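Okay, so here's the structure we're looking at.
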Amino acid sequence: MLFIPRILKDIALIFAESGKQSFLVGGAVRDMLRGEKAHDFDLATDATPEEVAAMFCALGRSVIPTGIKHGTVTVRFKGESFEITTFRTESEYRDGRHPEKVAYAGTIEEDLSRRDFTMNAIAMELPKGRVVDPFNGRADIQNGVIRCVGSPLERFGEDGLRSLRCVRFASQLGFSIDKETLAAIPQTLSITAKVAAERKRDELDKIIGSRKPSTGFLLMEQTGLLHELLPELAMCRNVGQKGGHRFDVLDHSLLACDFAAENGWPHEVRLAALFHDIGKPVVCAMNEFGVRTFYRHEREGAALAKNILSRFRYSNTVIDTVVHLIKEHMFQYDEEWSDAAVRRFIIRVGEAYLPNLYKLRHADAFATAGEPPSPDFLTPLMDRASRVLDEKKALSRKDLAISGKDLIALDIKHGPRIGVILHELLEAVLEDPELNAKEKLLEIAGKMEDRARQTPTPPANPQKT
Ligand code: ATP
Ligand code: MG
């Protein structure tokens, strides 16, 4: 018998007092049966959404009609949220995304039969804990198998997201996929193609957030989902690399993503690791010695990653961060770098991005050799960058000891010329931080102006000859 948290028993009592049934369903039951902590509680009931709302509103609880069209309301109870859905069946999935008709069902068994996988089609009656398992989901959980409820072809044909969910669960839980279920994925790709980008993104995020994302992506490749969703990544297969690289571009990218996941690094770093070399198949060329080159792949990769992330409607913050990390991932530090070069590197990357860029490079290095790089391979650059930052020497225009206003006071006209001068002053200060004092900068600016005045400016609208 499973342990039932007190809060679920309290909720069940409210249903019972109105003569209604309540069942814990979905991921919570699956996770409890796996011996894991359940993270969110979904309940199913024979009460209609209006009845559920009335029951809880009467007790002063807030009820939010989150998915009222599908029979779902969210109830806030003792500091937690519960999604409560009326037993339902679904039929006629005409667009491959959403059922055309949602009808209420009479029994929990009927409700379970519309669910995707046997492991997700188990209910636990509250408050006592009787388990309802019409599709032998418990045995599948025990054997670590993901299997569709009923015919896989039919189930994936009804809702094209299910095949992606299947691969996502395999990646998250480390389960294998039943043969017939797996075989149905390539046959229903055209249905998956119709699914809204946001729903697919949520699944991709869960794969990337799993302990070993490569499991999910390799299953996607094997079933054609990778080509359907991320053709740019699928194209990296068999793009071989020289110079210390042990893997083709696809395996290298997946390994980098796994490394970032294994270390618990932020989502943006994992995305950047996955896509950092995505420009390589596009710029791949052969030089005169017959060696493959990938010149400027980081620029091409940044542009492609921007397309991909926009296609999946990622937020602008995520897009900007990932694209920037990819664009900057090819820095080649050596001790010969002057302090000015280190300062320029910091400005180009941006101080806030440095920790994640170092992580990305670490993942990249790991995925090149297939083994951890020496732990201090980035330390010389990191040390120098933090020294430069500690010295608080000017690193951006706003750190200069003068501003545009000081230049205007020098009789320099308001307009683009101010920007040009500030830029040159910053360049000078990057070379020699000692110059960052008001009098010195004003003196340099004055000289620049004198020089500009002596050089005749071309006419604004040169006559065509
Ligand atoms: P998790 O929340 O851990 O990602 P979950 O199994 O709870 O996993 P949810 O998306 O929260 O997944 O859905 C709750 C339940 O609803 C599932 O367990 C499943 O029974 C059912 N379900 C969700 N999406 C679908 C779908 N596309 N087709 C059929 N049933 C689904
Ligand atoms: Mg859930």
* Which numbered condition ALA352 misses (of (1) surrounded by 15 or more Cβ atoms within 10 Å (Cβ to Cβ); (2) within 21 Å of the chain's Cα centre (by Cα)) -> (1)
* Collect the residues in region 301-318 that are farther than 15 Å from ILE208 by Cβ and buried (at least 20 other Cβ atoms within 10 Å of the Cβ), keeping them in residue-number order. => GLY301, ALA302, LEU304
* Structure fact -> Checked against (1) surrounded by 18 or more Cβ atoms within 10 Å (Cβ to Cβ); (2) farther than 17 Å from VAL322 by Cα, ARG237 satisfies every condition except (1)
* Could we say that VAL75 is away from ligand 2 (no atom under 16 Å from the Cβ), touching a strand residue (DSSP E or B) at 6+ places or on another chain (Cβ under 6 Å) and over 17 Å from LEU112 (Cα atoms) here? -> no
* Out of (1) among the aromatic types (Phe, Trp, Tyr); (2) under 24 Å from VAL388 (Cβ atoms); (3) touching a Cys at 6+ places or on another chain (Cβ under 7 Å), what's the single condition that is false for TYR333? -> (3)
* Asked: Which of the residues belonging to region 126-170 are outside any loop (DSSP other than H, G, I, E, B), more than 16 Å from ligand 2 (Cβ to nearest atom) and touching a residue at least 40 places away in the same chain (Cβ under 8 Å)?
  -> VAL131, VAL132, ARG138, GLY157, GLU158, SER163, VAL167, ALA170
* **Selection count where residues are of a type in the set (A, V, I, L, M, F, W, C), assigned to a loop (DSSP other than H, G, I, E, B) and in contact with a strand residue (DSSP E or B) (Cβ under 9 Å, 6 or more places away or on another chain), scope region 200-257** => 1
* Asked: From the residues in region 1-49 that are within 12 Å of ligand 2 (Cβ to nearest atom) and in a loop (DSSP other than H, G, I, E, B), which one is farthest from LEU126 (Cα to Cα)?
  -> HIS39
* Asked: If you check every pair at least six apart or on different chains, which have Cβ atoms under 6 Å apart with a residue in region 76-94 that is at pLDDT below 90 first and a residue that is outside any loop (DSSP other than H, G, I, E, B) and surrounded by fewer than 15 Cβ atoms within 10 Å (Cβ to Cβ) second?
  -> THR89/ALA103; SER91/LYS101; GLU92/LYS101
* Go through ILE347, ILE326 for me and flag whichever is part of a helix (DSSP H, G or I), free of Cβ contacts under 8 Å to residues at least 60 places away in the same chain and surrounded by 14 or more Cβ atoms within 10 Å (Cβ to Cβ). => ILE326
* Asked: How many residues are assigned to a helix (DSSP H, G or I) and among the aromatic types (Phe, Trp, Tyr) when one looks only at region 286-319?
  -> 0
* Asked: Could you list, in sequence order, the residues of region 37-65 that are within 15 Å of ligand 1 (Cβ to nearest atom) and surrounded by 15 or more Cβ atoms within 10 Å (Cβ to Cβ)?
  -> ALA38, PHE41, ASP42, LEU43, ALA44, THR45
* To do: Answer yes or no as to whether PRO355 is in the same structural domain as ALA256 (by TED's automatic domain parsing) and assigned to a loop (DSSP other than H, G, I, E, B).
  => no
* To do: For residues that are at pLDDT 90 or above and outside any helix (DSSP H, G or I), scanning just region 408-465, find the one that is surrounded by the fewest Cβ atoms within 10 Å (Cβ to Cβ).
  => ALA437
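The values are calculated or read from the model by the stated rules, or taken from the named source; none is laboratory data. Values in this document were obtained by computation on a predicted structure and should not be read as measured data. When we count neighbours, we look across all protein chains shown, and the Cβ atoms used for this are built from the backbone with ideal geometry, even at glycine.
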